[in-house]
Amino acid sequence: PAVKLPKSGGTFLDPTFGSHTLLLAYAADGPENQNAYSYWPSFNKDATRFFICSSGRAMLYRFDAERFRILGKEPLFPERPPEGGWPGWEDAIWSGTSPDLLFCHSGLKLWAYNVQTRQYVLVRDFTAELSTGHLRQMSKSQADRVFGFTRQDAKYAVVGYLVWDRQTDRLLLNERTRQLDE
């Protein structure tokens, strides 16, 4: 039989697998609720926060894993970074060392966004090396040291990729190729 679904934030017992399931978003939360890709983790280091996109807007949830419940939600990026456009939510990545930091980018700038204080810190501006364009499809090492990106031109066409070592502030790779996908 079909499971009677609770309201958003409610839990139910999955009859097939016997697991407790938390219904995160429901029709009242908007027609489209999603996570970008499974290889960009939604949960932070200590599983106290996560984010999803709800009807075109990235939302940050506070989560109590012990009691398996949502404590609250708010826009993920309520304000823009000091310089530049809105960061993309799709490939924003939680820090591997701090539960409060989320790495994101806008244009050619890489930011560390503290979700607790709502402050952006510029980690690196790649304008000197790339002059124009955009960073996309970010990945990073667990220790927040090495970052990789797909490079796009000003019209968002893929033009290559780059890999940067934060500790040495050195580009390890800066390749131009159109034969690339995430």
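The values are calculated or read from the model by the stated rules, or taken from the named source; none is laboratory data. Quick caveat, the model's predicted, so the values are computed rather than measured. FYI the Cβ positions are ideal-geometry reconstructions off the backbone, even for glycines, and counts take in every protein chain you see. To get the accessible areas, we keep the full protein, side chains included, count just its heavy atoms, and leave off ligands, DNA and RNA. Shrake-Rupley method; radii C 1.70, N 1.55, O 1.52, S 1.80 Å.
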Could you give the nm distance between label points at ARG62 and LEU22, where each point is 7 Å from its Cα heading toward the beta carbon?
1.3
From the phi angles alone, apply the Karplus equation (6.51, -1.76, 1.60; θ = phi - 60°) to region 141-150 and give each ³J(HN,Hα) in whole Hz, x where the residue is Gly or Pro.
6, 4, 8, 6, 9, 10, 10, x, 9, 7
Ratio for region 26-80, C-alpha Rg to 2.2 N^0.38 Å, reads 1.14
Accessible area of the chain belonging to carbon and sulfur atoms, whole % at 1.4 Å probe:
51
Calc'd 3J(HN,Hα), region 7-18, phi into Karplus 6.51 cos²θ - 1.76 cosθ + 1.60 (θ = phi - 60°), Hz, glycine/Pro = x, comes to 5, 3, x, x, 10, 8, 9, 5, x, 7, 9, x
Name the long-range amide H neighbours of ASN33: under 5 Å, sequence gap of 5 or more, or other chain; modelled H, no Pro or chain starts.
SER55
What residues have an amide H closer than 5 Å to that of VAL159, excluding those fewer than 5 places away on the same chain, when H is modeled at 1.01 Å from N in the peptide plane?
ARG151, GLN152, ASP153
For region 27-69, what does the accessible surface come to per residue with a 1.4 Å probe? Please give it in Å².
61
Cα-based Rg (one decimal) and Dmax (whole number) for the chain, in Å?
18.3, 60
From DSSP H assignment alone, runs of 4+ in the chain each adding -39500 (n - 2.57), the sum over residues rounded to the nearest 500 puts [θ] at 222 nm at -500 deg cm²/dmol
What are the ³J(HN,Hα) values, in whole Hz, obtained from phi via the Karplus relation 6.51 cos²θ - 1.76 cosθ + 1.60 with θ = phi - 60°, for each residue of region 56-61 in sequence order, with x given for Gly and Pro?
x, 10, 6, 10, 9, 10
Amide H of ARG62: which non-local residues (sequence gap of 5 or more, or other chain) have their own amide H closer than 5 Å, using H built in the peptide plane?
LEU71, GLY72, LYS73
